[in-house]
Amino acid sequence: MLTSLIPILAILQVTLSSPISDPIHLNKRYNGVKIQAFRNGYCLSPIGTTTANGVPVGAVDCSQARTWNINPGSGSITLANNVIYALDAGTGNANGEGVKIWQSYPGLFQQTWYLTADGRIAITGGNQCLDKYNDDTGVHTWQCGAGNINQIWTIVQPYAPYVPVPGQQPILHPPIGQTYLDPANSGVRIHPYQRPDLAVTVTGGVAAFGRYVDIAYDLHNSNLYARRQLWYLPPAGTTNSVVLLYTADNNYCLHAGAEPANRNRVLLYDCDTVESSRWDWDGTHLKITNTNLCLDVRAESSPTPSDPYDIQKTLQVWTCGAGNHNQEFFTIAKKA
C-alpha cells in the first residue's frame, strides 16, 4: 500500500567482501568531538575514569562521555586528551567482539576504522562495523548491514546541545535528528520504524480535543513541549487498553474518528466517551480495538512547517498489513 518510511540507508554501499567501496575525499579531521549512537543518543566512551590498555568502550550519557579524534575516511580513532590510546576491535574479524582502548599502532588492522558517508564506523578492509546493540552501555562489532540502525553514528559537538558538527551529509529522510531518552515516570515516546529521533507528537504544542497527532522530532526533556510526545502505553499484549497523553488530568487519547476508516487522521479525544479511542498494542503495532485498522505513517507525507515545532510526517489509520513498516512502532526501554 505505502512505500517504506525509510529509503535505502546506505549512500556508501556496505558489502560482505568489503564495507568500503570508494574513499571519501575529505581532508577534514574531527578533533575533540563526541561520537553519538543514533539508536538512543548515548555517546561512545571508555567505561569509567581509568585510561589504560584494555579498558572497555561502551556508550554513556553524552554529558559524561570522553571526546575523540576521528577522520572521515580511514584511520585511527584516538582519545582526544590522550592520543596514545586508540579504539581497538580485538581481532576485528568476528561478530560480537567487545571494543576497548589500546595503545595506538597506526595501520594495525583492528585499530583502523573507516567513517563512511552513511554514518557507519567500519573496520577498513573488513566486514565489521561498530554496533550499539542494546539500550544500555553495550557496544561491540557486528557484520555491517545497510539497514542496521544500531550501526549509525553521528559526530557531535562536545558541549550541550550535542548537535552534529558541520560536514556530515543527511542520510535519511527526514534527516537524522537528536534522540532523547524518556524521562522516568512520565510516559514514553512512541517512535516510528527505525527512527528513534522521531516520535508521535501532538501538533501545535497544545493538548486539546480535536488536535491532530503526527510525527515530529524528539524534543529535549527540558523543553516546554516535550510532554506533547509522552504517552501512557500499556504493556505489550494488553487488549482493550488506552493510549493516552501524559497530562494533569490524563484524559486525552489517540482517536481516529467515531467511524474509523482508511486515511482517517489521528487526533486527541476524550478517553471516556469514545470506544474507538481504545487500541491494542503488541509491542510493534497499534490497532484500534475490534477493528483491523492500524496506526500508520502516511509515507507520501512531507515536512510541514508548524509552530512551535515542525511536523515531519502525517499519521493516519490504515488496514493492518504484515510487513508494512509504516505501521511498526517501538519504544526505548532505557530512561534518562
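The values are calculated or read from the model by the stated rules, or taken from the named source; none is laboratory data. Fair warning: this is a prediction, and the values are worked out from it, not measured in the lab. Reconstructed Cβ throughout: ideal geometry from the backbone, glycine too, with neighbour counts over all protein chains shown.
Hey, among ILE77, ILE84, ILE70, which residue is farther than 23 Å from GLY126 by Cα and hydrophobic (A, V, I, L, M, F, W, C)?
Just a single option satisfies the conditions, and that option is ILE84.
List pairs: first in region 98-115 and closer than 12 Å to SER74 by Cα and in contact (Cβ under 8 Å) with a residue 60 or more places away in the chain, second charged (D, E, K, R) and in a loop (DSSP other than H, G, I, E, B), Cβ under 8 Å, 6+ apart or cross-chain?
What qualifies is TYR114/ARG120.
For region 265-291, what are the residues that are under 20 Å from THR201 (Cβ atoms), surrounded by fewer than 21 Cβ atoms within 10 Å (Cβ to Cβ) and over 27 Å from the mean Cα position of the chain (by Cα)?
Hits for region 265-291 are ASP270, CYS271.
Collect the residues in region 106-141 that are farther than 16 Å from TRP153 by Cα and of a type in the set (A, V, I, L, M), keeping them in residue-number order.
The answer is LEU108, and nothing else.
A quick yes/no check of all residues on (1) β-branched (Val, Ile, Thr); (2) farther than 28 Å from GLY58 by Cβ; (3) outside the structural domain of PHE109 (by TED's automatic domain parsing):
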{"site": "GLN169", "(1), (2), (3)": "no, no, yes"}
{"site": "HIS220", "(1), (2), (3)": "no, no, yes"}
{"site": "ARG228", "(1), (2), (3)": "no, yes, yes"}
{"site": "VAL242", "(1), (2), (3)": "yes, yes, yes"}
{"site": "LEU245", "(1), (2), (3)": "no, yes, yes"}
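Among all residue pairs at least 6 apart or on different chains, which show Cβ distances below 6 Å where the first residue, located in region 33-49, is closer than 14 Å to ILE121 by Cα and the second is outside any loop (DSSP other than H, G, I, E, B) and of a type in the set (Gly, Ala, Ser)?
As it stands, the answer is ALA37/ALA59; LEU44/ALA59, since those pairs meet every condition given.
Answer yes or no as to whether ILE215 is among the β-branched types (Val, Ile, Thr), in the same structural domain as ASP272 (by TED's automatic domain parsing) and more than 18 Å from TYR269 (Cβ to Cβ).
Considered against the rule, which asks whether it is among the β-branched types (Val, Ile, Thr), in the same structural domain as ASP272 (by TED's automatic domain parsing) and more than 18 Å from TYR269 (Cβ to Cβ), ILE215 comes out as yes.
Going by what's in this entry, would VAL139 be described as farther than 24 Å from VAL55 by Cα, of a type in the set (A, V, I, L, M) and in contact with a strand residue (DSSP E or B) (Cβ under 7 Å, 6 or more places away or on another chain)?
For VAL139, the condition - farther than 24 Å from VAL55 by Cα, of a type in the set (A, V, I, L, M) and in contact with a strand residue (DSSP E or B) (Cβ under 7 Å, 6 or more places away or on another chain) - is not met.
Is it the case that region 134-143 has a residue that's in contact with a Phe, Trp or Tyr (Cβ under 8 Å, 6 or more places away or on another chain) and without any contact (Cβ under 8 Å) to a residue 60 or more places away in the chain?
For region 134-143, residues in contact with a Phe, Trp or Tyr (Cβ under 8 Å, 6 or more places away or on another chain) and without any contact (Cβ under 8 Å) to a residue 60 or more places away in the chain: present.
Look at region 152-185 and say how many of its residues are part of a strand (DSSP E or B) and hydroxyl-bearing (Ser, Thr, Tyr).
Of the residues in that region, 1 qualify.
Would you confirm whether or not region 160-174 contains a residue that is farther than 30 Å from LEU115 by Cβ and either touching a residue at least 40 places away in the same chain (Cβ under 8 Å) or in contact with a helix residue (DSSP H, G or I) (Cβ under 7 Å, 6 or more places away or on another chain) (or both)?
No.
Output the strands (runs of 3 or more DSSP E) that fall wholly within region 46-151 and possess 3 or more residues being closer than 19 Å to THR179 by Cβ, or say none.
Values: elements: 57-60, 68-70, 73-75, 82-88, 100-103, 113-115, 121-123, 128-131, 140-143.
In region 46-151, 57-60, 128-131 are the strands (runs of 3 or more DSSP E) which contain 3 or more residues that are closer than 19 Å to THR179 by Cβ.
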